[in-house]
Structures are given as structure tokens and as C-alpha cells.
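Read through the structure below, which is laid out as C-alpha cells, and then see the notes.
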Amino acid sequence: MARGGNLRQVVLTSSEEAWSRAASELPETRPIELSVIVPTLNERDNVPVLLARLDEVLSGTTWEVIFVDDDSVDGTAEAVRKVATTDRRVRCLQRIGRRGLASACIEGMLASAAPYLAVIDADMQHDETLLAQMLDVLKRDEADLVIGSRYVERGGVGDWSRSRKMVSRIAGRMSRMVMKAEVSDPMSGFFMLRREVFDGAARKLSGIGFKILLDILTSSSGPVRISELPYRFGTRHAGESKLDATVAWEYVMMLLDKMIGHIVPVRFLVFSLIGLLGLGVHLAVLATAFQGGGLGFGLSQAIATFVAMTNNFVLNNVLTYRDRRLRGWALLAGLLSFYLVCSVGALANVGIASYVYGAQEPWWIAGIAGAIIGAVWNYTVSSVYTWRKPKAS
Ligand code: GDD
Ligand code: MN
């Protein structure tokens, strides 16, 4: 028993010691001022370089950096965590089973408590030396949001190809459809803002695709004072760009979402437009088989139905559900489930239309009612069974 008593004593003493030691060694007691959010997808070799640069340019403030990594296969998250074990300014927020530059930035900002938030790419294409100046502008209360801009005087896009310049210009013009503010570079992925601006927009953000700044600008609740600082878009340090056809399409989806997302979900809109196109395909095939090919009407209609369903499936797979695109065997299984879903949808369509027609409504109202019910059914059920939300792997 005496031994046990001694042991207890020892444990108490050592934990008290540990506590006071820990308190005296707290590395940072000044309040945090700035969180730098860095979205990453396979940027391992850029992590140490960016950290060294941030350390250099942010020496005048208390800052932290949050890497939001979408489960990179090159070990980006591990590289960040390795530094984070000894440097508390560094954190890694790893997301599994999800993708997206904008949504990554949003979650990074939500994970921060700092009064000022910055977003910067990991690949050194953005000029990190601007960060201190951006912070100054905000702290002097000259603006609520500072954008690193390629399109104001002394800014530039660097050695971009002609086609990329053109795409950027077109995308910029399209953004004017949804944006009120006059901003020269709403597509910039490099900016800093007051946390209240983000908080005011947070619940309205679409989070789709690449363009987080445009998302914030179009979701802000009150007036936002904007300042733009010029910088030249540099060349990527290590790794590869992720900008591709998907990014371009997601941009269109995001604009649509901003324009009509409050009325109907943008996916449903795209799904319905594809359905309308499918009707055209159906009629074309029917005409070809029945009138041109001399097949019986029933057979022609069956062929047309299959072609139209397959057409709709393929288009929905690459457009509506691009982020959950099915490939390989999953594509075949998805196609079969889509046939099944649409067959039931067609039955529902005919059933509802007949019912409405039986209730003395004009034929075209009955037809439209059936088509809407069929479309909603197809959309809802296929979103659950055909294009399932990806499970965390
Ligand atoms: N977490 C996460 N998830 N990060 C991503 C994803 C993603 O799905 N896609 C890209 N990133 C990260 C990259 O790792 C990189 O750090 C940053 O986002 C930008 O990706 P890049 O592939 O380098 O894009 P870019 O150079 O073509 O375009 C960038 O600069 C433009 C000009 O400022 C982006 O920031 C554009 O939004 C911006 O318009
Ligand atoms: Mn880049």
C-alpha cells in the first residue's frame, strides 16, 4: 500500500510540473491576426517553399496557414503535418472523398478564428510578397477585401498561351452577368478579406468549382469596399495545373447556380435541358427508323426510346454529374440503373398525364404535368441510385 501511495504522489507532482512547464513554454500568446488558406491537390514539393516564403513575408504579424488538401496522392497532407508537429502556425485540413478548390477554401476559412483571411495558391504563381501590403490596407480600414489583380496597371498574366488568355477574358466577361461590383479581376484566386465579409456570405456561397472570389463577391450581404493590388501571375514552381475542361464546365454551373439556383437546383436545370435535347434525339431516331427505315412503329419507338435514354445518360454523366462521373464497370451498372429509373419515370409520367386528362383538363396540360412528374422522378431517383454521392474511400 505504501508503494501505491508513493506512486500517486509522484504522478501528481510530475503532472503539476508538466503543467507549469507547458504554460511557460507556450510559444505564441499574442492573438492571431491572419489565417492564410492554401488549397492543395498534389502540391507536396511546393509546401516547404511556400512555408519559407510565408515565414519571410509575414514576420510582422501573427499568422497561421491552413492547407486544405483533397486527399492528394503525392503525400501533400503528410508533408504539411510533418512540419505542423513542430510549427503550430501550420495546420492541415484533409478532406476525403471530396474535391473542389472553392469548397476547400470555404472550409479552410471556416476552420479559422482569425480576423483576417487570405487565400493563395500553393504553386507560387501568386505573389506572396503582396500579403503584408494587403493586410495593411485592411488594417488601415481602407477596404474590406483586397484582391491581387492581374488586370490593373502593372499587373499581368505572365507567359500564358493565347488560348488561355482568351478563355480567361471570356470567363471574366461572363462573370459580369452575375456580379454587381466593378472588379478588374473577379477570377483571381489570390485575395485577403475581413472575416465579417466572409461570414456574411458564408451561407449563400455555391462552393462549386474554382472561383471562390467570384462566389464571395456575388454572395456578400452588405456593401464591400474592394481594393485591387497589381501582381504578375508567375510560373508554377513544382507540380501540374488542375485547370481543365471540368473546371470550365463547373464555372458555367456556378454562374447558372448564381442566376437561378434560388429557384431550381442547377443540376435539375441541366438535367431537364438534357431531357429536352433527348426528346429531339428521340424524334429524330423515330423519324429515321419509322419513315426512313420502314420499321414498324412499335419497334421504331422502342429503338428511339433506348437511343434517347442512352444519350441522356451519357450527357448527364459528363455534364450534370461531372463531379461524380462513372467510368468502367460502374458506367455500365449506372446505365442499367438509369434505364430502370427512366422506365418507372415513364410509367409515372403516363399515369399522371392520364389522371389529369381524365379530370377534364386540356390534353396539353395533362401532357406537361406528366412530363414534369417524370422529370422530377428521374432526376431525384437517379441522383440517389445512378450517380450516388461518392463514399469516403
Ligand atoms: N483542395 C483542393 N481541391 N485544391 C485544389 C483543387 C481541388 O480540387 N484543384 C486545384 N487546387 C489547388 C492547387 O493545388 C493549387 O494550389 C491551386 O488550387 C490552384 O490550382 P492550379 O491548378 O494551379 O490553378 P491555376 O494556376 O490554373 O489557376 C489559379 O490562378 C488563377 C489566377 O489567379 C487559380 O487560383 C484560379 O482560380 C485563378 O483564376
Ligand atoms: Mn497554378
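The values are calculated or read from the model by the stated rules, or taken from the named source; none is laboratory data. Note that the structure is predicted; figures quoted are calculated from it, not measured. Here Cβ is always computed from backbone atoms with ideal geometry, including for glycine, and neighbour counts include all displayed protein chains. Surface accessibility is based on the protein's heavy atoms, side chains included, excluding ligands, DNA and RNA. Shrake-Rupley method; radii C 1.70, N 1.55, O 1.52, S 1.80 Å.
Ordering 59-71, 342-354 by mean Cβ neighbour count within 10 Å, with the highest value first, yields 59-71, 342-354.
Using only alpha carbons, the range 115-216 has a radius of gyration to Kirkwood radius ratio (Rg to Rh) of 0.95. Per residue, the convex hull spanned by the Cα atoms of the range 266-385 measures out at 111 cubic angstrom. Sorting 303, 106 on solvent-accessible area from highest to lowest, probe radius 1.4 Å, gives 303, 106.
On average, how much accessible surface per residue is there in the range 176-316, in Å², for a 1.4 Å probe, leaving out ligands, DNA and RNA?
Numbers: 6810 Å² over 141 residues.
Normalised by residue count, the accessible surface of the range 176-316 is 48 Å².
Surface composition of the chain: carbon and sulfur atoms hold 61% of the protein heavy-atom accessible area at a 1.4 Å probe. A dipole drawn for the range 146-190 from +1 and -1 charges on Cβ atoms has a positive end, and of 189, 168, 151 the residue lying farthest that way is 168. With all protein chains in place and ligands, DNA and RNA left out, the 1.4 Å accessible area ranks 116, 355, 321, 385 as 355, 385, 116, 321, largest first. Per-residue surface analysis assigns residue 167 an accessible area of about 90 Å², computed on protein heavy atoms at 1.4 Å probe radius. The DSSP beta bridges internal to the range 34-242 are antiparallel in roughly 25% of cases.
The residue among 35, 318, 355 whose Cα reaches farthest toward the positive pole of the charge dipole of the chain, with charges on the beta-carbon of Lys, Arg, Asp and Glu, is 355. Would you mind estimating how fast the chain diffuses translationally, via Stokes-Einstein at 10 °C and 1.306 mPa s with the Kirkwood radius over Cα pairs, in µm²/s? This corresponds to a translational diffusion coefficient of 64 µm²/s. Take 257-269, 356-368 and order them by the average number of nearby Cβ atoms within 10 Å per residue, most first; the result is 257-269, 356-368. Which pairs break 26 Å Cα to Cα here: 242/389; 82/165; 82/139; 165/211? With Cα atoms farther than 26 Å apart: 82/165; 82/139. Near residue 239, once Lys and Arg are set to +1 and Asp and Glu to -1 for all other residues with Cβ below 10 Å from its Cβ, the sum equals -2. Taking all protein chains together, 149, 163, 383 sort by accessible area into 163, 383, 149, largest first [probe 1.4 Å]. Taking 4 °C and 1.567 mPa s as the conditions, I'd like the Stokes-Einstein D for the range 34-242 in µm²/s, using the Kirkwood hydrodynamic radius from alpha carbon pairs. D, rounded to a whole number, is 75 µm²/s. Taking all Cα pairs closer than 8 Å and separated by 6 or more residues, the relative contact order of the range 34-242 comes to 27 percent. Accessible surface for residue 49 stands near 40 Å², nearest 10, in the context of the full protein assembly shown (1.4 Å probe). Positive-end ranking of 334, 303, 179 along the dipole of the chain, with charges on Cβ about the Cα centre, is headed by 303.
Given a 1.4 Å probe and the protein chains as shown, residue 164 ends up with an accessible area of around 80 Å².
Rounded to the nearest 20 debye, the dipole size of the range 34-242 about its Cα centre is 640 debye, using +1 on the Cβ of Lys and Arg and -1 on the Cβ of Asp and Glu.
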